[in-house]
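Peer 1: Structure below; questions to follow.
Bear in mind that the values in this text are calculations on the coordinates, not laboratory data. A quick note: this is a predicted structure, and the numbers were derived from the prediction, not measured. Note that we place each Cβ from the backbone using ideal geometry, even for glycine, and neighbour counts take in every protein chain shown.
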Amino acid sequence: MRPLEDHLIVDFSQFLSGPSASLRLADLGARVIKIEKPITGDICRTLYCSDLIMNEESSIFHTINRNKESFTADLKDAEDLKIIKVLLAKADVVMHNFRPGVMQRIGLSYNDVKTINPNVVYAEISGYGNHPDLIKHPGQDLLLQSLTALTWLTGNKNDGPVAMGLSIVDMLAGAHLAQGILAALYRKTVNNSGALVQVSMLESAIDFQFETITTYFNDGGELPVRTKSNNAHAYLGAPYGIYKTNDGFLALAMGSIPVLADLLKCDALLQFPENTFELRNDIKKVLVKHLKTQNTAYWLAILEPADIWCAKVLNYQELFKEEGFKVLDFIQRVTMGDGYSYETTRCPIKIDGELLTSSKGSPKLGEHNKKILEELINI
């Protein structure tokens, strides 16, 4: 039995942040019912992040909405709203990621839902919390990366701000919401009380930088400075970075420069007996030139036996061929109600050695209306 079996999650969220949270809860055993608009549904169904269309909908929708059910309802229609309230009265968790004020106008705010379900766990993601100047702005990942200084940590010194290559703030906020929901469900089990769980993308993006922000406040307010080349961490010295080799790339983490000089047979590094922070650009310049002279495998054969923290740099094609990846059994095939199947990742959590896999694919819009009306609404 999975930890959240017999728990009902009613999820109004769209896009990525909220659905990523309910996906994790579904993987942990909860029954997740996704509430969508008739005809159009979650905007993410048609929000294409690539040219790939899977079963007439976007690949990103299928990725984060597997293992869920879809129920369509017009929340502006009195009869549909009445049905939804019957469903909410039976929910353990109600969640959404609408802009502030939207659920209040519909009549489904935390206080509204509490009147029909006093012990409910009500969870919400907003873009900016109660930030007075930003509260009405769209909570979009790139905007949040930009507004929280996250873009000044990636790339090299002269690159200007560089965005991360994933919707990282969306996923962080989703992870934080799932954590808050799980904590609230535990408290509900202990003392039978509900909770209002609130997460903002703004705070999630700031929390993500706890290490660099703490350094900033305790280092005289000095801004992070990326290295001129091969930057991988604004607050770590050389050799920390990724380097071009003769046939690929090599990642080097922390390490003693004199030890590297000996192992790599690089006399030019001997001029740096101490690995001070101020010397990192000069050290990396030497490494850039030297590491290009041999293949990645050549350097790994020297560095790995000496317990130097290093790794080859893989792309997806190379990663998925690695035996180390294959033994993880991380890719699962899921099947939609109409028979369409596709490969995707599984939940990364194991409990008592069990992989939390599920063969249930993403739902077609409104696919489960009849089932939910019969089972939970008694219509």
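Peer 1: Just subtract the alpha-carbon distance of Asn119 and Asp282 from 0.36 nm times their residue separation and send over the number in nm, one decimal. Each step should come with its number before you reach the end.
Peer 2: Working: separation 163, 0.36 × 163 = 58.68 nm, distance 6.07 nm.
So the chain would gain 52.6 nm between Asn119 and Asp282.
Peer 1: What is the extension gain from Arg2 to Asp112, computed as 0.36 nm multiplied by their sequence separation minus the C-alpha to C-alpha distance, in nm to one decimal? Before the final figure, lay out the partial values.
Peer 2: Working: separation 110, 0.36 × 110 = 39.60 nm, distance 3.07 nm.
36.5 nm is the gain from fully extending Arg2 to Asp112.
Peer 1: 5 Å is the cut-off here: which amide hydrogens, built 1.01 Å from N in the peptide plane, fall below it relative to Asp42, excluding neighbours closer than 5 in sequence?
Peer 2: Sorted by chain and number, the residues that satisfy this are Lys37.
Peer 1: Further question on the same structure: Send over the Kirkwood Rh of the stretch 1-41, from the inverse of the averaged 1/r over different Cα pairs, rounded to one decimal Å.
Peer 2: Numbers: mean 1/r = 0.0939 Å⁻¹.
Result for the stretch 1-41 stands at 10.6 Å.
Peer 1: Same structure again: What order do you get for Val32, Val113 when you list them from fewest to most C-beta neighbours inside 10 Å? Mind showing how you got there, number by number?
Peer 2: Numbers: Val32 26, Val113 22.
Arranged by neighbour count, lowest to highest, Val32, Val113 become Val113, Val32.
Peer 1: Related question: Please work out the FRET efficiency for the pair Lys370 and Ala89, using the Cβ-Cβ distance as r and a Förster radius of 22 Å; give the result to the nearest 0.05.
Peer 2: Values: r = 20 Å, r/R0 = 0.91.
Given R0 = 22 Å and the Cβ-Cβ separation, E is 0.65.
Peer 1: If you don't mind, there's one more thing I want to ask. I need Tyr316, Tyr110 ordered by Cβ neighbour count within 10 Å, fewest first.
Peer 2: Fewest-to-most ranking of Tyr316, Tyr110: Tyr316, Tyr110.
Peer 1: Net charge near Ile308, counting Lys/Arg +1 and Asp/Glu -1 over other residues with Cβ under 15 Å of its Cβ? Don't skip to the answer; put the middle values down first.
Peer 2: Numbers: positive: Lys265, Lys312; negative: Asp262, Glu304, Asp307.
Taking every other residue near Ile308 into account, the sum is -1.
Peer 1: While we're on this one: Give the angle, between 0 and 90 degrees and rounded to the nearest 10, that separates the Cα long axis of helix 280-291 from the longest principal axis of the Cα atoms of the chain.
Peer 2: 80 degrees
Peer 1: Also, quick follow-up: Using θ = phi - 60° and the Karplus form 6.51 cos²θ - 1.76 cosθ + 1.60, what ³J(HN,Hα) does each residue of the stretch 242-247 get, whole Hz, x for Gly and Pro?
Peer 2: 10, 10, 6, 10, 5, 10
Peer 1: Tell me the net charge near Val169. Cut-off is 15 Å between Cβ atoms, Val169 excluded, with +1 for each Lys or Arg and -1 for each Asp or Glu. Working shown, then result.
Peer 2: Working: positive: none; negative: Asp141, Asp170, Glu203, Asp207.
That sum, taken over residues with Cβ under 15 Å, equals -4.
Peer 1: Now for a different question. Report the net charge of residues surrounding Trp299, where surrounding means a beta-carbon distance below 12 angstrom and charges are Lys +1, Arg +1, Asp -1, Glu -1. Don't skip to the answer; put the middle values down first.
Peer 2: Values: positive: Lys244, Lys265, Lys292, Lys312; negative: Asp247, Glu304.
Once positives and negatives cancel, what remains is +2.
Peer 1: List the residues, sorted by chain then number, that are 5 or more residues from Cys49 or on another chain and whose placed amide H is less than 5 Å from its amide H.
Peer 2: Those qualifying (amide H under 5 Å, at least 5 residues apart or on another chain) are Ser59, Ile60.
Peer 1: Which values of log₁₀ I(q)/I(0), to two decimal places, follow from the Debye formula for the stretch 242-379 at q = 0.13 Å⁻¹ with a uniform point scatterer at every Cα?
Peer 2: Cα-only, vacuum Debye calculation for the stretch 242-379: -0.74.
Peer 1: Can you report the principal axis dimensions of the stretch 35-121 using only the alpha carbons, biggest first, rounded to whole angstrom?
Peer 2: So the three principal-axis extents are 45, 24, 23 Å.
Peer 1: Counting only residues 5 or more places away or on other chains, whose amide H sits under 5 Å from the amide H of Ser229 once H atoms are built in the peptide plane?
Peer 2: Residues meeting the amide H criterion: Lys157.
Peer 1: Sticking with this structure for a sec: How high is the relative contact order of the chain, in percent, counting Cα pairs under 8 Å that sit 6 or more residues apart? The partial results should precede the final answer.
Peer 2: Numbers: 667 pairs, mean separation 63.7, N = 379.
Across the chain, relative contact order equals 17 percent.
Peer 1: Using R₀ = 30 Å, calculate the FRET efficiency as 1/(1 + (r/R₀)^6) where r is the Cβ-Cβ separation of Ser59 and Glu323; round to 0.05.
Peer 2: On the way: r = 27 Å, r/R0 = 0.91.
The calculated FRET efficiency here is 0.65.
Peer 1: Right, here's the next one. Apply the Kirkwood formula to the stretch 210-271: the hydrodynamic radius equals the inverse of the mean of 1/r over all pairs of different alpha-carbon atoms; give it in Å with one decimal. Intermediate results must be reported in sequence, preceding the final value.
Peer 2: Working: mean 1/r = 0.0743 Å⁻¹.
Result for the stretch 210-271 stands at 13.5 Å.
Peer 1: On a 0 to 90 degree scale, rounded to 10, what angle separates helix 168-191 from the longest Cα axis of the chain?
Peer 2: The two axes meet at around 50 degrees.
Peer 1: Can you give the convex hull volume of the alpha carbon atoms of the chain per residue, in Å³?
Peer 2: Numbers: hull volume 67.8 nm³, N = 379.
Per-residue hull volume (Cα only) is 179 Å³.
Peer 1: Taking the Cα centre as origin and putting +1 on Lys and Arg beta-carbons and -1 on Asp and Glu beta-carbons, what dipole magnitude results for the chain, to the nearest 20 debye? Present the calculation step by step, with values, prior to reporting the outcome.
Peer 2: Working: 38 positive and 45 negative charges, 54 e Å.
Result for the chain is approximately 260 debye, rounded to the nearest 20.
Peer 1: If one takes the longest principal axis of the Cα atoms in the chain, at what angle in degrees, from 0 to 90 and to the nearest 10, does the Cα axis of helix 17-27 lie?
Peer 2: 80 degrees
Peer 1: May I pose another question? Plugging the Kirkwood radius over Cα pairs into Stokes-Einstein for the stretch 126-237, at a temperature of 25 °C and a viscosity of 0.890 mPa s, what D comes out in µm²/s? Display every interim value, and only then the final one.
Peer 2: Values: Rh = 15.8 Å.
D, rounded to a whole number, is 155 µm²/s.
Peer 1: Another one. Can you sort Glu304, Glu69 so the residue with the fewest Cβ neighbours within 10 Å comes first? Can you show the working numbers first?
Peer 2: Values: Glu304 12, Glu69 21.
Ranked by crowding around the Cβ, least crowded first: Glu304, Glu69.
Peer 1: Work out the FRET efficiency for Lys289 and Glu354 from their Cβ-Cβ distance, taking R0 = 35 Å, and round it to the nearest 0.05.
Peer 2: Numbers: r = 50 Å, r/R0 = 1.43.
About 0.10, to the nearest 0.05.
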